[in-house]
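Working notes, beginning with the structure itself.
The values are calculated or read from the model by the stated rules, or taken from the named source; none is laboratory data. Computed from a predicted structure; not experimentally measured. Glycine gets a Cβ as well: all are built from the backbone with ideal geometry, and neighbour counts include every protein chain shown. The accessibility values were calculated without ligands, DNA or RNA, using every heavy atom of the protein model including side chains. Shrake-Rupley method; radii C 1.70, N 1.55, O 1.52, S 1.80 Å.
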Amino acid sequence: MAGGEEILVGICDDNNDDLDRIEETLQKGLVSLGSSVRMRCARFLDGETFYAASREQDFQLLFLDIEMPGLDGFALAERLCLDRPQTRLVFVSRHESLVYDAPEYMPLWFVRKSSLERDMYKALKQYFRVTASTRVTYRLKDGFSFRDVPVRDILYVECSGHRITICRTDGSRLEKYGSLKAMEGELAGCHFLRIHKNYLVNQEYIKEVGKREVYLTDGKALEMGRDRRAAVRDAMIQYEKGSYGY
C-alpha cells in the first residue's frame, strides 16, 4: 500500500455524539490494522445535505446511519447505488434486526453501534480486502523514464491498430504502443475485463451490461463483442459478489 494515500470518507448520522464515536473508532481501526492510509472524514447530520455533497465529491467509503429523519440510510443508499455504484457503503445502526434489510443495497458491511469498535475493525479489513487491486499502480514508459498510474484512475483501455490509449477517470488520456492482449496480461488480477477486441474495462466503473454495449459510471457506452455478452455478465456477477462481501 503506497505511503501517503488519502481516502475521502463520508459519515452521515443525525447524532453528533455518534458522529464523534464513528470517526474516532474509524481512526483507531486504521491504527489497529497497521494501515498507512489516511482517511479524511466529511461529516453530515442529515441525508439530504450528504446527498448534495456526494454529487460534488468523490467519496470512496461511506458510513450511513440507517435511522434518520427525512432521507434515511436505506433511501440514501438507494440513490447512491444509482449515482455512484463504485462507492463502498457501510450501514451503521443501534438495531441489529435491520441487518436483514440491508443486503439489497449491497453494503460492504453492517456496523452495530453496540459493538462499534469490533465491527468497525471488520468493516475496514473488508474494505482493504476488496479494494486491494485498486491501490496498485501501472508502470507506463514515458519517454526515457517511467511513470506510475494508479490502477483505480484507469477507466478503460482502448486499442486501435498498435496504438494503446489509456482513458482515465479525470478525462485525460495516455498513449503507448503495443497490443491489448499484452496489456490485459499486465493488468491481470486488477479486475479489468475484455469486453471487445478493442476494449479493456475497469470493472469498478461498469454500471450496466446491455445487449450490445457496456455502460460506464461516467455515462459512456462502449461497444461489446457479440460473442462476449454472457462471459461479461458472468464476470460482473462474480465481481460484485467479491466486492460486496457476500
May I ask which of Lys28/Lys113; Lys141/Lys176; Lys141/Lys220; Lys220/Lys241; Lys181/Lys241 have a Cα-Cα span longer than 18 Å here?
Lys141/Lys220; Lys220/Lys241; Lys181/Lys241
SASA check, Tyr127, accessible area w/ 1.4 Å probe, all protein chains in place, rounded to nearest 10 Å², comes out at 10
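Roughly how many Å² is the accessible area per residue of the chain, as a whole number, for a 1.4 Å probe? Intermediate results must be reported in sequence, preceding the final value.
Values: 12760 Å² over 246 residues.
Per-residue value: 52 Å².
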With a 1.4 Å probe and all protein chains left in place, how much of the accessible area of the chain comes from carbon and sulfur atoms, in whole percent?
47
5 angstrom amide H check on Tyr156, placed H, neighbours 5+ away:
Cys167, Asn202
Estimated inter-spin distance, Glu78 and Arg129, nm [label 7 Å along Cα→Cβ]
3.0
On a full-extension model of 0.36 nm per residue, what is the gain between Ser179 and Lys241, subtracting their alpha-carbon distance, rounded to one decimal in nm?
19.3 nm
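Nearest 5 is fine: what % of DSSP beta bridges in the chain come out antiparallel, could you say?
On the way: 30 of 50 bridges.
Taking every DSSP beta bridge within the chain, about 60 percent pair in antiparallel fashion.
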For the chain, what is the calculated [θ] at 222 nm in deg cm²/dmol (nearest 500), taking -39500 (n - 2.57) for each run of four or more DSSP H residues and dividing by its residue count?
-9500 deg cm²/dmol
Using amide H atoms built in the peptide plane, which far-off residues or other-chain residues are under 5 Å from Gly225 H to H?
His196, Lys197
So how far apart, in nm, are the two label points at Glu96 and Lys197 if each is 7 Å from Cα heading toward Cβ?
5.7
Can you give the Rg to Rh ratio for the chain, taking only C-alpha atoms and Rh from Kirkwood?
1.00
